[in-house]
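The values are calculated or read from the model by the stated rules, or taken from the named source; none is laboratory data. Keep in mind the model is a prediction, meaning the values are calculated, not measured. Methodologically, a virtual Cβ is constructed for each residue, glycine included, from the backbone with ideal geometry; neighbour enumeration extends over all protein chains shown. Please note that ligands, DNA and RNA were not included when accessible areas were found on the heavy atoms of the full protein model with its side chains. Shrake-Rupley method; radii C 1.70, N 1.55, O 1.52, S 1.80 Å.
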Amino acid sequence: MPALVLLGAQWGDEGKGKATDLLGGSVDYVVRYQGGNNAGHTVVVGDQKYALHLLPSGILSPGCTPVIGNGVVVDPSVLLSELSGLNERGVDTSKLLISGNAHIITPYNVTVDKVTERFLGKRKIGTTGRGIGPTYADKINRVGIRVQDLYDESILTQKVEAALDAKNQILTKLYNRRAIAVDQVVEELLGYAEQLAPYVADTVLVLNQALEEDKVVLFEGGQGTLLDIDHGTYPFVTSSNPTAGGACTGAGVGPTKISRVIGILKAYTTRVGSGPFPTELLDEDGEALRRIGGERGVTTGRDRRCGWFDAVIARYATRVNGLTDFFLTKLDVLTGWERIPVCVAYEIDGRRVEELPYSQTDFHHAKPVYEYLPGWQEDITKAKTFADLPKNAQDYVKALEEMSGAPISAIGVGPGRDETIEINSFI
Ligand code: GDP
Ligand code: IMO
Ligand code: MG
């Protein structure tokens with residue numbers, strides 16, 4: 001039963017898309033289990049670059065069946081335009097399966113996301129504005145709209161009415177916005193039904209049958225461990241569970257089926273949006289990481305905040321996800337520094353702390369305690385084996401592995417599929 005979870009070990013944008021695409025050629029199914037089009041996964045194949053938001057990165061591997069699981073929130077207009085964009089570029093998307101239980105991001109969820117952020121002012125989360133939080137809120141409040149509702153007009157109308165009842169009161173009375181008409185929303189949603197119909201399936205059954213037949217299933221996380229609603233830097237998080245347990249609930253596969261959990265780990269740290277970030281650099285080193293690493297959001301075009309590697313976070317990711325391996329990405333970006341600081345612990349109000357504090361106040365006060373590792377100047381983008389790396393780069397990887405609590409089984413030295421050093425095979 002080879003089921004693997006691949007997830008972000010930091011605050012997202014670790015290179016999950018590239019890693020998933022790399023494994024896509026050897027797996028039968030790639031499944032998104034949470035999040036929605038807040039994700040931006042860049043995949044580079046030869047001279048072609050793809051930016052995927054909702055579709056699993058396995059869609060670019062012809063033998064692989066891409067699946068959108070029940071835990072995902074789906075904006076139908078984004079999904080359809082992503083599909084047609086890929087079709088125009090010659091990618092076959094006909095194998096896609098979408099869970100009938102996945103929730104739909106409705107136009108009013110997007111509106112609520114935007115007005116809520118505006119009203120939070122300087123306390124805003126810095127969301128992607130894609131309606132993610134309000135859609136998950138509706139799901140938990142039991143007033144959500146699911147993909148299967150598109151196929152029963154009467155039920156759909158009742159559910160949209162129920163959802164808009166309270167929301168229109170809030171929009172008009174609190175936020176000074178116009179009320180949203182039920183009919184208009186129903187009509188728009190029904191307009192997607194026919195185009196989506198060929199993809200809608202009982203994905204829980206399909207995936208469990210596939211595992212029984214010893215097929216290889218890869219679960220591709222969106223966002224990252226520190227953006228998890230339960231285990232992240234709440235409230236500066238997304239509204240789903242990118243951590244490993246999310247793969248079970250978000251796809252309907254039991255934890256006993258998962259054989260490997262791979263944490264994608266950037267050789268430094270980035271974050272988009274608000275919230276604490278102990279190793280953040282507001283100097284020219286931060287600017288250099290942003291420039292060399294191309295750290296600009298795929299979804300929103302926002303500059304990513306950049307900082308040094310944080311081993312406290314990596315250890316935490318190992319723990320809350322039960323990581324079996326790391327895939328270290330973007331090592332090439334660190335070429336050229338004379339010495340590279342690595343955060344090994346925090347200093348919090350005069351105390352040295354080795355593990356991530358559970359208290360939000362403590363985390364906000366955390367100052368990085370750095371160790372300095374010698375850098376390297378050689379171009380490493382052509383390295384194919386660990387031995388091809390300069391000694392100082394090898395030592396940097398070994399030091400990170402020791403601090404982070406799980407073996408580093410692959411190293412990214414460039415954005416392309418073949419710019420990867422494989423140390424232990426994943427499948
Ligand atoms: P994701 O959201 O985790 O899939 O990551 P993003 O795609 O948002 O951001 C990662 C960026 O780094 C993308 O532009 C990738 O093409 C790029 N990338 C991934 N791995 C590597 C690597 O090892 N080296 C370099 N230089 N770029 C990489
Ligand atoms: P990938 O999959 C980085 C961040 C947003 C914001 C917070 C909440 O590409 O790694 P949301 O719109 O989800 O309610 O925003 O989460 N965020 C991400 N940051 N990478 C992502 O996805 C993200 N998806 C959401 O910037 O701080
Ligand atoms: Mg991204």
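Points to keep in mind about this one:
- Around the amide H of Thr420, modelled in the peptide plane, lie the amide H atoms of Val413, all under 5 Å away and 5 or more residues distant in sequence or on another chain.
- Convex hull volume of the Cα atoms of region 103-198, normalised per residue: 93 Å³.
- Springs between Cα atoms under 10 Å define the GNM used for the chain, and in it the highest mean-square fluctuation of Gly252, Gly12, Gly412 occurs at Gly252.
- Rolling a 1.4 Å probe over the protein heavy atoms gives region 103-198 an accessible area of 57 Å² per residue.
- Accessible-area value, His365, 1.4 Å probe, nucleic acids and ligands omitted, Å²: 80 Å²
- Relative to the longest principal axis of the Cα atoms of the chain, helix 76-88 runs at roughly 60 degrees.
- Computed from Cα positions, the angle between helix 284-293 and the longest principal axis of the chain comes to roughly 70 degrees.
- In region 167-233, the GluC sites (Glu not before Pro) that fall in loop regions by DSSP, at most 12 other Cβ within 10 Å: Glu213
- Each Cα pair under 8 Å and six or more residues apart adds its sequence gap; the mean of these over the residue count of region 1-143 is a relative contact order of 20 percent.
- Taking the Cα centre of the chain as reference, the dipole from Cβ charges on Lys and Arg (+1) and Asp and Glu (-1) amounts to some 900 debye.
- Mean sequence separation of contacting Cα pairs (under 8 Å, at least six apart), scaled by the length of region 103-198, corresponds to a relative contact order of 27 percent.
- The average projected area of region 258-402, computed from the convex hull of its Cα atoms over all directions, is 10.0 nm².
- Positive-end residue, region 175-223 charge dipole about Cα centroid, Cβ charges, pick of Ala179, Gly222, Asn208: Ala179
- Cα long-axis angle, helix 203-212 against the chain (0 to 90 degrees, to the nearest 10): 50 degrees
- Ellipsoid fit via the Cα gyration tensor, region 318-427: semi-axes of 29, 18, 11 Å, each the root of five times an eigenvalue, largest first.
- Stokes-Einstein diffusion coefficient of the chain, Kirkwood radius over Cα pairs, 20 °C, 1.002 mPa s, in µm²/s: 97 µm²/s
- Karplus-derived HN-Hα couplings along region 44-61 (A = 6.51, B = -1.76, C = 1.60, θ = phi - 60°), whole Hz, x at Gly and Pro: 10, 10, x, 9, 9, 10, 10, 10, 9, 10, 10, 7, x, 5, x, 4, 8, 9
- Selection from Ile145, Phe119, Gln158 lying farthest towards where the dipole of region 103-198 points positive, charges on Cβ: Phe119
- The relative contact order of the chain, computed from alpha carbon pairs under 8 Å that lie at least 6 residues apart in sequence, is 20 percent.
- Accessible area (Å², per residue) of region 220-365, counting only protein heavy atoms and a probe of 1.4 Å: 37 Å²
- Think of the chain as having a plus end and a minus end, set by charges on the Cβ of Lys, Arg, Asp and Glu; of Ile262, Ala387, Gly246, Gly246 sits farthest toward the positive end of this dipole.
- Loop sites in region 65-114: trypsin sites (Lys or Arg not before Pro), DSSP, at most 16 other Cβ within 10 Å: Arg89, Lys95
- Near Gly297, the amide H atoms lying under 5 Å from its own belong to Arg302, Asp303, Arg304; only residues 5 or more places off or on other chains count, and H is placed 1.01 Å from N.
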